[in-house]
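The structure appears below as structure tokens.
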Ligand code: ADE
């Protein structure tokens, strides 16, 4: 299997060419900057997911669907105002072309600061789907008819405005591929990570036992597995209560009487 590097405005760049007989989550990414994804998709867990045949990534440059001499993808907003708006035609044509490449219809996702807040639960939901089409925009935003016509799930990665949806698309891809069965090994499994059950992770320590006078808690060196498990759960509750009162409130609601 080869993982190539997407450059410039190549029309349909696939980073992965393994046979499609395997159960692989297909990601189609529509962007004006496919090159932003090259190192991300060819590094670490997203790369491993592709190598193991669990995910494949197809990048499409929206500008390849521009029809005028200037290869325009945006225009001034009707009604006036600052900035430029992503036009319908290039995005609709790109979506049509990409969707035809595979029989499986995708779940369409539009990355926008106006979308629902992306979280672990959504990542788990998306990881169960066979195909995801991510649309990353630039400029001041999208023509409203892109949302009205394509009816995508609109996702935001947080209440701040990025220069484009690409980083948000990478966040979604990363959170999803690490959940695909067989992508993480047993040694780095996702099951007991932060958010898996509504609590943040317990503190972790590695060698040395004494670093500049800061010691590893004795219980972790005791070899007593039930004492370690008890300590870790207590720590997770304490940390969640202290650092994420919002998560702690949800956790308590689900499991009354679970307080520390
Ligand atoms: N595009 C610009 N800002 C964004 C955000 N916070 N989330 C998703 N897409 C975006």
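Computed from the coordinates by the stated procedures, all read-outs in this text should not be read as laboratory data. Remember, predicted model here, so these are calculated numbers, not experimental data. We place every Cβ from the backbone using ideal geometry, glycine too, and count neighbours over all the protein chains shown.
Some observations on this one:
- Scoring 230-238, 45-53 by mean Cβ neighbours within 10 Å over their residues and listing the highest first yields 45-53, 230-238.
- Between residue 104 and residue 233, the contour length at 0.36 nm per residue exceeds the alpha carbon distance by 42.2 nm.
- Spacing of the modelled spin labels on residue 84 and residue 145, each 7 Å from Cα toward Cβ, amounts to 1.9 nm.
- Within the chain, the proportion of Cα pairs with more than 30 Å between them is 41 percent.
- When each of the peptides 219-226, 242-249, 103-110, 131-138 is scored by how many other beta carbons lie within 10 Å of its residues on average, the order from highest to lowest is 131-138, 103-110, 242-249, 219-226.
- Summarising the label geometry, the points placed 7 Å from Cα in the beta-carbon direction at residue 226 and residue 197 lie 1.7 nm from one another.
- Pairs of Cα atoms nearer than 8 Å and 6+ residues apart set the relative contact order; for the chain it is 17 percent.
- The residues 195, 37, 65, when put in order of fewest to most other Cβ atoms within 10 Å, stand as 195, 65, 37.
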